[in-house]
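Encoded as structure tokens, the structure appears first; notes follow it.
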Amino acid sequence: MIIEPRMRGFICLTAHPEGCAQNVKNQIEYVKSKGAINGPKKVLVIGASTGFGLASRITSAYGSNAATIGVFFEKAPSEGKTASPGWYNTAAFEKEAHAAGLYAKSINGDAFSKEIKQKTIDLIKADLGQIDLVIYSLASPVRKHPETEVLHRSTLKPIGSTYTNKTVDFHTGNITNISIEPATDDDIANTIAVMGGEDWTMWIEALKAENLLAEGATTVAYSYIGPALTEPVYRKGTIGRAKDDLEATAFKIADQLKDINGKAFVSVNKALVTQASSAIPVIPLYISLLYKIMKEEGIHEGTIEQIQRLYAERLYTGAEVLVDEKGRIRIDDLEMREDVQAKVAKLWEEATTETLPAIGDLPGYRSDFLSLFGFEVDQVDYQKETNEMVKIEGLVD
Ligand code: NAI
């Protein structure tokens, strides 16, 4: 079929297999171009199909020749209906990895459930024995609690008072004011249940109970901080509470891993266009101003540059891992540079529908967004008949 983007709000309903495959190839080439990393050899990535998790899987495989197991929740294709992008990304990754002689298998299902944890445990036992790195990179709006069966929904709300600020519709470039009502206590608790540290702990406890974590194993989850101007809706809002919980969980897990000399970290990453971040009000405008500045300064990075740097310059340098005063790895250092933030804050004041084309990088935002779904990717012929029924070679039933 000929596959075109079909937008609905901040999601795209279609995905292009060839475009997704080209994105994966580009990421692989980037990691290879940066040279070998003395990194992990057997890696489990939870949330492995898009965004930072996919970049982690690619960096593990192509930076240090690691065998990888990826867990994710993606929609398979059906005749005339494309899969979700993470499906095509994974199909392309596995094809490349297998051709390069690298072990790669995948599990598609709800990572919050007991069933998917058990399936992963069985696969590790059968194929890899023990894991030396567990990346936790889930971004989900909902979680069915495995014990209580309650369905928790996360929200993106301020806490305490209504938050009003500018936001952009990144399809039209229209800037309007948005007001978001404050969260209830239930909203806060639900968001912590979905995006906090409980499920990360459950994964590590389940793996450890089966002796599947190697001596010295490391686990890393991803967090975000961002600037003062997004604080009310991000870091001091419901999602920020969940990130506080995730960050506190790293210390608890580190304690649990002491007997095997294991380590647990949270890495604070840069704001980037992913399916998860495009759904957050205010953030797309911030990102389009940030991109403009970071590109002008020559310090712009995407997910693969971020994660390659996380491995090569933080986790696997051979020296003690560099952390901030709260024990977090910071690869948002370039985003948070004072001069960068001062420039973004100034542009924020100036940003209107009329000024944005000149002062922001909305084209960069849009093109990154479309590229998440495999569209507007260089070297892809979008006029060509494309087979949507792509299989993931190493998908475990
Ligand atoms: P993403 O939307 O690109 O990826 C989410 C991944 O989670 C996908 O592989 C998806 O299949 C998987 N997933 C979602 N629900 C699942 C479920 N129930 N079971 C199994 N897999 C499931 O998101 P992104 O942006 O890469 O986020 C990953 C982490 O990075 C999150 O913790 C996010 O808060 C954090 N982060 C994101 C930043 C950004 O600007 N995008 C910045 C800093 C941190």
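For the residues LEU322, LEU370, the requirement of being closer than 26 Å to ASP245 by Cα and outside any strand (DSSP E or B) singles out LEU322. Can you tell me which residues in region 200-230 are in contact with a strand residue (DSSP E or B) (Cβ under 9 Å, 6 or more places away or on another chain) and surrounded by fewer than 17 Cβ atoms within 10 Å (Cβ to Cβ)? Passing the criteria: GLU215, GLY216.
Kindly indicate whether any position in region 45-62 is among the charged types (D, E, K, R) and over 21 Å from ALA111 (Cα atoms).
Kept after step one, since they are among the charged types (D, E, K, R), are these residues of region 45-62: 57.
Subset that is over 21 Å from ALA111 (Cα atoms): none.
Among the residues of region 45-62, not one is among the charged types (D, E, K, R) and over 21 Å from ALA111 (Cα atoms), which makes the answer no.
A single member of ILE116, ILE131, ILE135 is crowded, with 17+ Cβ neighbours inside 10 Å, in contact with a Ser or Thr (Cβ under 6 Å, 6 or more places away or on another chain) and of a type in the set (Val, Ile, Thr), and it is ILE135. In summary, ILE178 fulfils each of the numbered conditions (1) away from the ligand (no atom under 16 Å from the Cβ); (2) under 25 Å from the mean Cα position of the chain (by Cα); (3) modelled with pLDDT under 95 with the single exception of condition (2).
With the condition kept exactly as written, say whether any residue in region 11-28 is hydrophobic (A, V, I, L, M, F, W, C), in a loop (DSSP other than H, G, I, E, B) and surrounded by fewer than 21 Cβ atoms within 10 Å (Cβ to Cβ).
Within region 11-28 (the criterion being hydrophobic (A, V, I, L, M, F, W, C), in a loop (DSSP other than H, G, I, E, B) and surrounded by fewer than 21 Cβ atoms within 10 Å (Cβ to Cβ)), the answer is yes, since at least one residue qualifies.
Pick from region 249-279 the residues that are part of a helix (DSSP H, G or I) and buried (at least 23 other Cβ atoms within 10 Å of the Cβ): which of them is nearest to the chain's Cα centre (by Cα)? Ranking the qualifying residues of region 249-279, first place goes to ALA250. Note on region 282-333: residues that are closer than 26 Å to TYR163 by Cβ, among the charged types (D, E, K, R) and within 19 Å of the chain's Cα centre (by Cα) amount to 3.
Do we have any residue at all in region 86-103 that's more than 18 Å from LEU54 (Cα to Cα), surrounded by 18 or more Cβ atoms within 10 Å (Cβ to Cβ) and in contact (Cβ under 8 Å) with a residue 24 or more places away in the chain? No: region 86-103 contains no residue that is more than 18 Å from LEU54 (Cα to Cα), surrounded by 18 or more Cβ atoms within 10 Å (Cβ to Cβ) and in contact (Cβ under 8 Å) with a residue 24 or more places away in the chain.
With respect to (1) in contact (Cβ under 8 Å) with a residue 40 or more places away in the chain; (2) out of contact with any Leu (no Cβ under 7 Å at 6 or more places or on another chain); (3) assigned to a loop (DSSP other than H, G, I, E, B), the lone exception for GLU335 is condition (2).
For every residue, the table says whether it meets (1) modelled with pLDDT under 95; (2) in a loop (DSSP other than H, G, I, E, B); (3) out of contact with any Cys (no Cβ under 8 Å at 6 or more places or on another chain); (4) surrounded by fewer than 19 Cβ atoms within 10 Å (Cβ to Cβ).
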residue: PRO5; (1), (2), (3), (4): no, yes, no, yes
residue: ASN38; (1), (2), (3), (4): no, yes, yes, yes
residue: LEU44; (1), (2), (3), (4): no, no, yes, no
residue: GLY70; (1), (2), (3), (4): no, no, yes, no
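Does LYS119 qualify as being farther than 30 Å from ASN23 by Cβ and within 16 Å of the ligand (Cβ to nearest atom)?
Details: farther than 30 Å from ASN23 by Cβ: no; within 16 Å of the ligand (Cβ to nearest atom): yes.
Against the criterion (farther than 30 Å from ASN23 by Cβ and within 16 Å of the ligand (Cβ to nearest atom)), LYS119 does not qualify.
This table checks each residue for (1) modelled with pLDDT under 95; (2) within 19 Å of SER154 (Cβ to Cβ); (3) near the ligand (Cβ under 9 Å from one of its atoms).
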{"position": "SER267", "(1), (2), (3)": "no, no, yes"}
{"position": "THR274", "(1), (2), (3)": "yes, yes, yes"}
{"position": "LEU289", "(1), (2), (3)": "no, no, no"}
{"position": "ILE293", "(1), (2), (3)": "no, no, no"}
{"position": "GLY298", "(1), (2), (3)": "no, no, no"}
{"position": "GLY302", "(1), (2), (3)": "no, no, no"}
{"position": "LEU310", "(1), (2), (3)": "no, no, no"}
{"position": "ARG314", "(1), (2), (3)": "no, no, no"}
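Flag: VAL396 matches the condition of being touching a Leu at 6+ places or on another chain (Cβ under 8 Å), more than 30 Å from ASN165 (Cα to Cα) and in contact (Cβ under 8 Å) with a residue 24 or more places away in the chain.
Considering only residues that are among the small types (Gly, Ala, Ser) and either in contact with a His (Cβ under 6 Å, 6 or more places away or on another chain) or away from the ligand (no atom under 15 Å from the Cβ) (or both), which ones fall in region 58-94? Walk me through how you get there before you give the answer.
Just the residues of region 58-94 that are among the small types (Gly, Ala, Ser), to begin with: 60-61, 63-64, 66-67, 70, 76, 78, 80, 83-84, 86, 91-92.
Residues satisfying the conditions are ALA61, GLY63, SER64, ALA66, ALA67, SER78, GLY80.
The values are calculated or read from the model by the stated rules, or taken from the named source; none is laboratory data. No experiment lies behind these values; they were computed from the predicted model shown. Cβ: placed from backbone, ideal geometry, glycine included. Neighbour counts: every protein chain shown.
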